[in-house]
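Participant: Questions regarding the structure given below will be posed in turn.
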Amino acid sequence: MPLLTLFRRRKFEREGYELYGAAVTAARDPAWYAELGVPDTLDGRFDMIALFAFLVIDRMREEPGEEPPQLAQAVFDAMFSDMDQNLRQMGVADLGVGRRVKRMWEAFHGRSSAYARALAAADDVALAAALARNVWRTEGEVPAASRLARAVRRARAHLAAQPFAGLRRGVASFPPAGAMLA
């Protein structure tokens, strides 16, 4: 029987990939890079994907019951499965993939904690500082970070308005970056 469980899909696996895909699509919107100057590098793209994946995962915290944490975990699993696969496709040696994914996992958790604290406190200054530190890799003031903080709040509100039933089916949407930056 244990062998059969090896090939069984985990609960919300498909939905987790769909929600993660929505986060990646939002993170890849060219406006982030052109209008805000988000670095169009591997690190910059990771940071934007991490930001939008965080927003999807954070949305699950608002819902009661057992399913929201399971769905949040499925999004997290999809993200790091994708990161692992991308590193391998980029030619990172098998022995190095685990270490790099672990560093990415730690970075994601650090960023998520900073974003969650700032959002819970409704502190746009702290959110902009966390974004400047993580996206632009600076402790100094980045004017675009304040714009990104406002866009994050808009994205979060947009997600909050989406019924959990849709998220449970793997359906989420974000407004275009231009609309969030307006």
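Participant: Check the range 88-101 and report whether any residue there is surrounded by 14 or more Cβ atoms within 10 Å (Cβ to Cβ), within 12 Å of the chain's Cα centre (by Cα) and not in a loop (DSSP other than H, G, I, E, B).
Facilitator: Checked against the condition, which is being surrounded by 14 or more Cβ atoms within 10 Å (Cβ to Cβ), within 12 Å of the chain's Cα centre (by Cα) and not in a loop (DSSP other than H, G, I, E, B), the range 88-101 yields no hits at all.
Participant: State all residues of the range 116-153 that are charged (D, E, K, R), at pLDDT 95 or above and farther than 19 Å from GLY37 by Cβ; if no residue qualifies, say none.
Facilitator: Selection gives ARG117, ARG153.
Participant: Would you confirm whether or not the range 58-71 contains a residue that is touching a residue at least 24 places away in the same chain (Cβ under 8 Å) and outside any helix (DSSP H, G or I)?
Facilitator: yes
Participant: Just give me the residues in the range 102-123 being open to solvent by 70 Å² or more (accessible area, probe 1.4 Å) and either in a helix (DSSP H, G or I) or under 27 Å from SER81 (Cα atoms) (or both), in sequence order.
Facilitator: Answer for the range 102-123, where residues must be open to solvent by 70 Å² or more (accessible area, probe 1.4 Å) and either in a helix (DSSP H, G or I) or under 27 Å from SER81 (Cα atoms) (or both): LYS102, ARG103, TRP105, GLU106, HIS109, ARG117, ALA120.
Participant: For the range 125-145, which residues satisfy the criterion of being in a helix (DSSP H, G or I) and open to solvent by 50 Å² or more (accessible area, probe 1.4 Å)? Please lay out each step first, then the result.
Facilitator: Start the filter on the range 125-145 by keeping residues that are in a helix (DSSP H, G or I), which leaves 125-135, 143-145.
Residues satisfying the conditions are VAL125, ARG133, PRO143.
Participant: Run down ALA182, ALA157 and say which single residue is of a type outside the set (S, T, N, Q), farther than 23 Å from PHE108 by Cα and without any contact (Cβ under 8 Å) to a residue 12 or more places away in the chain.
Facilitator: Answer to the check: ALA182.
Participant: Check the range 155-172 and report whether any residue there is open to solvent by 50 Å² or more (accessible area, probe 1.4 Å), modelled with pLDDT of 95 or more and touching a Pro at 6+ places or on another chain (Cβ under 7 Å).
Facilitator: Checked against the condition, which is being open to solvent by 50 Å² or more (accessible area, probe 1.4 Å), modelled with pLDDT of 95 or more and touching a Pro at 6+ places or on another chain (Cβ under 7 Å), the range 155-172 yields at least one hit.
The values are calculated or read from the model by the stated rules, or taken from the named source; none is laboratory data. All of these numbers come straight from a predicted model, not from anything done at the bench. Neighbour counts are summed over all protein chains in view; Cβ atoms, including those assigned to glycine, are modelled from backbone coordinates with ideal geometry. Side chains included, ligands, DNA and RNA excluded: accessible areas come from the protein's heavy atoms. Shrake-Rupley method; radii C 1.70, N 1.55, O 1.52, S 1.80 Å.
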